[in-house]
Amino acid sequence: MTTPESVATNSTPGVLSVSGLTLESVRGRSLVEIFQDAALELPAGEVVLLVGPSGSGKSLFTKLLAGLLGPGTDTLRVAPTARMTVRLRDGREASVLERGAYPPELRGAVGYMFQDHALFDELTVEENIRFGNDQSREPLRGAAWTSWLDETA
């Protein structure tokens, strides 16, 4: 992440644009600031690595981007002025930090690989699989879901 002053200006909008990202984690009775007014512009066609020490916010950032964390949870606070926008292949833009549900147009456009290929510990195997299905562009429902699950599991 960079400060807003150091973000390179480019006439072509990036595939990911972040500005004003202030993020606080609620830990017990205190707030721990993860980011303060962070900004980032990822250009199309570039390979970018997100590196930093343990606890610096890499996983929180990527979970926000992938919609696994929302901006208004009991343990996470995102500044209301923060912006995180993804430009889709068709040129439309979708705001990741919209208050409410994760933008449906980002389903299937943003992927996430868990550290150590982990599943959600608190979910059963079927619930973990259902989570992936529910996040797809065309999730299986009803009999189609049950049939696929019986064949696969």
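Between Thr73, Thr124, Thr85, Thr146, the distinction of being within 26 Å of Phe35 (Cα to Cα), of a type outside the set (A, V, I, L, M, F, W, C), at pLDDT 85 or above and open to solvent by less than 100 Å² (accessible area, probe 1.4 Å) belongs to Thr85 only. Within the range 50-58, the presence of a residue that is open to solvent by less than 30 Å² (accessible area, probe 1.4 Å) and touching a helix residue (DSSP H, G or I) at 6+ places or on another chain (Cβ under 7 Å) is excluded. Against the list (1) modelled with pLDDT of 80 or more; (2) open to solvent by 30 Å² or more (accessible area, probe 1.4 Å), the condition Val78 fails is (2).
The values are calculated or read from the model by the stated rules, or taken from the named source; none is laboratory data. Since the structure is predicted, the reported quantities are computational estimates derived from the model, not experimental observations. All Cβ positions, glycine included, derive from the backbone under ideal geometry; neighbour counts span all protein chains shown. Surface accessibility is based on the protein's heavy atoms, side chains included, excluding ligands, DNA and RNA. Shrake-Rupley method; radii C 1.70, N 1.55, O 1.52, S 1.80 Å.
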